[in-house]
Amino acid sequence: MKKLLAIVLAAACVLSLGIVASAANETVMGQDGHGHMAINGAPFNEDWILFDDGANIKGDAITPDQALYFHLGEVGDTRTNEILADKDVVKVKFDKGDDNVKMIKKMSIVEKKLDKGLFAGVRTNYLKIELKDDMTDSEFKLTPSVTFTAKQWIKVNNGLNGFSDYQKEAPEDTTGWAAPGDKLTFELKFYMGNVENKADQDYAAGDGGVVLKPTKNEDNEITWEDENNTIATLKFVGDDDGKYFYPKLSTKWEDADYAEYFADQDAFIFNFTGKSAGKTRIASTSRATLELYNPYYDSEEDELTVEPENVVIYEIQDDGSMLDVTASFKAIENDDGDYVFQTKTRELGVYILAEKAYTTAADVEAPAEGETVKDVPNTGLF
């Protein structure tokens with residue numbers, strides 16, 4: 001029986017492609033009982049942003065609220081990739097580690113076809129690590145690991161470059177085979193944190209991974225855009241404090257309760273997601289000017305589909321209730337010629353723009369059989 005197979009992915013700050021292998025049984029592991037198993041361990045996200053040199057945020061940290069993918073096996077080694085994902089061949093155990101475990105949402109082995117990068121268009125297996133969101137300027141050390149335990153006899157390739165075969169019965173010559181119960185462990189170490197930007201920036205709706213620090217005693221202007229429009233603008237003069245805030249803006253309906261209230265009309269949500277954590281207060285000398293674009297303007301027809309005076313604006317309160325704040329906004333055409341709703345505020349919140357007053361859930365008629373409730377138009381990415 002072979003001893004423990006321990007393969008360690010060294011990723012201290014630098015998330016390396018190389019996986020150092022060591023084992024107690026020299027006949028399996030090769031010269032001096034050590035070797036290298038070139039599993040393509042450099043993680044990347046669905047946009048094929050590679051983190052092989054650790055350089056993404058703050059020099060060596062990965063931004064929160066995304067999924068990392070570690071490909072199982074060398075490029076082109078489909079056999080190793082299949083074996084490590086086969087539940088009949090290996091048992092998989094995930095460990096979030098000893099550091100900041102709450103920042104890891106989930107670990108799993110997934111079969112996925114990505115749209116970008118080296119494996120674009122190919123359905124293959126990955127170790128997937130989903131990171132939680134964070135709205136602070138802190139940095140977190142993460143040390144997760146995953147252990148594969150052999151349930152059958154697994155043939156180790158020459159040179160330790162993965163696995164080539166497996167079988168339930170012990171081979172006549174067990175040299176070069178991992179026995180049932182042998183383990184293969186990937187130990188990871190990397191850092192997670194938001195990038196810190198000056199507040200004078202442009203962002204896409206849905207973008208996270210950033211905290212903004214206003215420039216003290218100077219004008220600051222932030223804009224949020226979707227693929228077509230500038231959908232929000234914030235202008236203010238930074239105070240002496242210059243405290244950071246979290247600027248992520250989502251325009252997708254995530255709360256079914258709120259969506260249900262507006263099922264009989266077109267309504268739009270502007271959700272500054274840091275509000276629930278108290279991370280959207282603006283360090284300004286006076287109330288900042290917030291502009292939300294008027295979603296009822298049809299640019300193709302060059303007309304307003306709902307008169308501005310009929311639009312109702314709600315703000316979600318800390319207790320989850322919806323407060324009518326229409327009176328605190330005014331409908332204007334700004335200096336860029338855009339139709340917007342403008343207000344003054346010390347803190348960004350969650351706003352809903354509706355073409356009429358909302359209907360309570362009890363008054364909403366259920367859709368007829370086979371009929372679906374119309375999706376609220378999405379103006380950005382979550």
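Residues that are farther than 15 Å from Lys189 by Cα and at pLDDT 80 or above are absent from the range 54-63.
The strands (runs of 3 or more DSSP E) located wholly in the range 267-382 that include 3 or more residues which are modelled with pLDDT of 85 or more, among the β-branched types (Val, Ile, Thr) and surrounded by 13 or more Cβ atoms within 10 Å (Cβ to Cβ) occupy 312-316, 339-345. Under the condition of being in a loop (DSSP other than H, G, I, E, B) and either touching a Gly at 6+ places or on another chain (Cβ under 7 Å) or closer than 16 Å to Asp65 by Cα (or both), the residues counted in the range 98-149 number 10. Residues of the range 58-85 that are in a loop (DSSP other than H, G, I, E, B), farther than 21 Å from Thr136 by Cβ and in contact (Cβ under 8 Å) with a residue 60 or more places away in the chain: Gly73, Glu74, Asp77.
When you look at Asp173, is it within 27 Å of the chain's Cα centre (by Cα) and more than 21 Å from Thr185 (Cβ to Cβ), yes or no? In short, no. Of the residues making up the range 243-266, those that are within 20 Å of the chain's Cα centre (by Cα), closer than 25 Å to Tyr358 by Cα and either of a type in the set (D, E, K, R) or in a helix (DSSP H, G or I) (or both) number 3.
Tell me, which residue of the range 86-97 that is under 26 Å from the mean Cα position of the chain (by Cα) and part of a loop (DSSP other than H, G, I, E, B) is surrounded by the fewest Cβ atoms within 10 Å (Cβ to Cβ)? Going through the qualifying residues, I end up with Gly97.
The values are calculated or read from the model by the stated rules, or taken from the named source; none is laboratory data. If you're wondering where the values come from, they're calculated on a predicted model, not measured in any experiment. When we count neighbours, we look across all protein chains shown, and the Cβ atoms used for this are built from the backbone with ideal geometry, even at glycine.
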